[in-house]
1. Could you give log10 I(q)/I(0) at q = 0.28 Å⁻¹ for segment A:230-283, computed by the Debye formula over C-alpha point scatterers of equal weight, without solvent?
2. Would you pull out the residues with amide H under 5 Å of B:THR31's amide H, same chain only if 5 or more places away, H placed 1.01 Å from N?
3. If you line up the long axis of helix A:206-231 against the longest principal axis of chain A, both from Cα atoms, how many degrees apart are they, to the nearest 10?
4. Return, for the Cα atoms of segment B:55-120, the radius of gyration and Dmax in Å, separated by a comma.
5. Does segment A:10-49 classify as rounded, prolate or oblate by the C-alpha gyration tensor (a ≥ b ≥ c root eigenvalues; a/c under 1.5 gives rounded; else a/b over b/c gives prolate, otherwise oblate)?
6. Can you work out the Karplus-derived ³J(HN,Hα) for every residue in segment A:386-393? Use 6.51 cos²θ - 1.76 cosθ + 1.60 with θ = phi - 60°, whole Hz, and x for glycine or proline.
7. Give me a comma-separated list of calculated 3J(HN,Hα) values for segment B:126-137, in order, Karplus coefficients 6.51, -1.76, 1.60 applied at θ = phi - 60°, integers in Hz, x for any Gly or Pro.
8. For A:LYS249, list the lysines whose Cα falls under 21 Å from its own Cα; do not include residues on the same chain fewer than 8 positions away.
Amino acid sequence: MNPYRIMLGQTPFPGQLRRLGGVLALVGIAAFIVGGLGHPQYWWGGYLLGFIYAMGLSVTLVFFSALSYLVNAGWVAAVRRIPEMLSSFVLVLPVAALPLVIGALTGNIYEWMHSSDEHLHHGFKGLYLSQPFFWARLVFYAVVWIGMHRVIVGNSLRQDDVTDITPTQRNWKLSAPFVLLYALTITFASFDLVMTLEPHWFSTIFGVYSFAGHFVASLALMLIVMRMLERGGYLAGILSREHYHDVGKLLFAFTIFWTYVAFSQYFIIWYGNLPEETVFFAKRLSNGWEIFGWASLFGHFVIPFLFLLRQDVKRQPQLVTIGALILLIAHAIDLSWVILPVFSAAPGEPYQLSWALVLTGWGAIAAMLGAVLIVASRAFARHSAVACNDPYLHESLDYHSGAYDPV
Amino acid sequence: MEQRPVATVAEFRDVNALVAAARAVYERGYTRFDCYTPYPVHGLDRAMGVRRTILPYISFLGGVTGLASALLLQWWTGGYDYRLNIGGKPFFAVQFSVPIDFELTVLLCAFFTLFGLLGLCKLPMWWHPLQGDASFRRATDDTFVVAIFSDDPRYTIKDTEELLRSMGGTNVHVHTASADPSTTLQSVTT
């Protein structure tokens, strides 16, 4: 019997995860319903926000697994199963997207679908923003993402039951095209689902900006669940400070990367000072929404940067998890700032900060995060929590970065 | 010229013996000692009781200095001392100062880190009191070496030599040098 096959089905852990998810979902749904009373467009906007949050998170968790296969990462083998389990929500994305399909078809989400503006229906933009092409793209994303989950996570799980390393070898090869496909699909999904909310505005870096946020959030969620598993004593002797440190380093690095990309987008537009481009920021830095802009700057960069700067913070499971929580919330602030203002006013009216709308959106985020955990709890109940036959497992267990720990 | 003891030097053939010896020397309370190995030995720094470097604080100081000087430079030149109207852009704004802020933060952080590292390692070091020692030379080839320096408060020729011998050290000897480092170095085997 493989000592690293950690089946959590008989332990309280899946139940704990399910209860946590259930509480988040119930509180979230209540906030979502209350927030949108009297303003039906709040529900559509809030739901879109929650969907993007969970979609970006779960697809990026599969990408994390694919990436670690692609670069032959040794350190990650002991913890890679955690993002893989958490990414199970990818499989139910089409179901989660149904309300959005209804909202879009009834003309409640995307202005371009029912706008008579000539600019939106001519030339390449007219072709790109045509409903058949739009829906075909969304179906393509869903096929790629579910396929990526089936292949990458599927091979990782198959490796648990065989002694040769053919499933892992398959992943080494297949992770390359999937990482490429992920890069393209997450970019164009951010264009299609988020940037088209304001169809006249455009930013080529928007996809990278979205990816950076999703990657930070998925690492943060991964750290939090690592901590939950460790506190329950389920991964004793497997998880070490080195794993927290490495995920913490990635979290820290991509917090800076997010800042770099977010600022690049802002800076070019600020300097160019062209009205068709500045409108995005002008509308989001006035009438109350500037609170979210500042909160993104501090919550997504200044505070976590200074907090996670020290090596010993990244090596302390409790502390690095606090950093992860800050960033998980900061990602919600960031996405809220991008998505919610569009739904805060009637078409053509200036955006206006509405806390009821924020409540609706954050309710949706909490509910979706709850759903992510509930779906993940089912995966945790069925499969080993450690990739027990991974050829790199021992390297990961013995891994020392050489960092200094006070004795 | 008068020869004075510089260090007691011991050779070890086996990396585990070296790590054990380093630990024992540290636990005896020696502070002025070092190990020389042909390749990096994992866990040796911990066995020797080496404390965490203060280099990150130097780096941070460099970063803060860079950020402050970048802001000051841009504000002083563009916004205060020599204002030029360029296409109606502001004389100074945090927005456009960021690339320079970033670059100078990184640059000074890197400088402080590099030169801080060299300084903490006392590099460049043109002369080392052990460099005429035969064992010290073999440490670049196939031997692990522990040297306990004579300026250690706990250093006595007899006790130090006994300790190194008891940990399995071979060719334990006192390395001496003349008070004037420019003269020829000698190794005295005891």
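Only the coordinates and a few stated rules stand behind these numbers; no lab work does. Fair warning: this is a prediction, and the values are worked out from it, not measured in the lab. Cβ placement follows ideal geometry from the backbone for every residue including glycine, while neighbour counts extend to all protein chains displayed.
1. -0.99
2. B:ARG154
3. The angle comes out near 40 degrees.
4. When restricted to the Cα atoms of segment B:55-120, Rg and Dmax are 14.5, 49 Å.
5. Since a/c reaches 1.5 and a/b is larger than b/c, the shape of segment A:10-49 is classed as prolate.
6. Couplings: 10, 6, 6, 10, 4, x, 9, 4 Hz.
7. Whole-Hz 3J(HN,Hα) from phi for segment B:126-137: 7, 8, 10, x, 8, 6, x, 7, 5, 5, 4, 5.
8. A:LYS314
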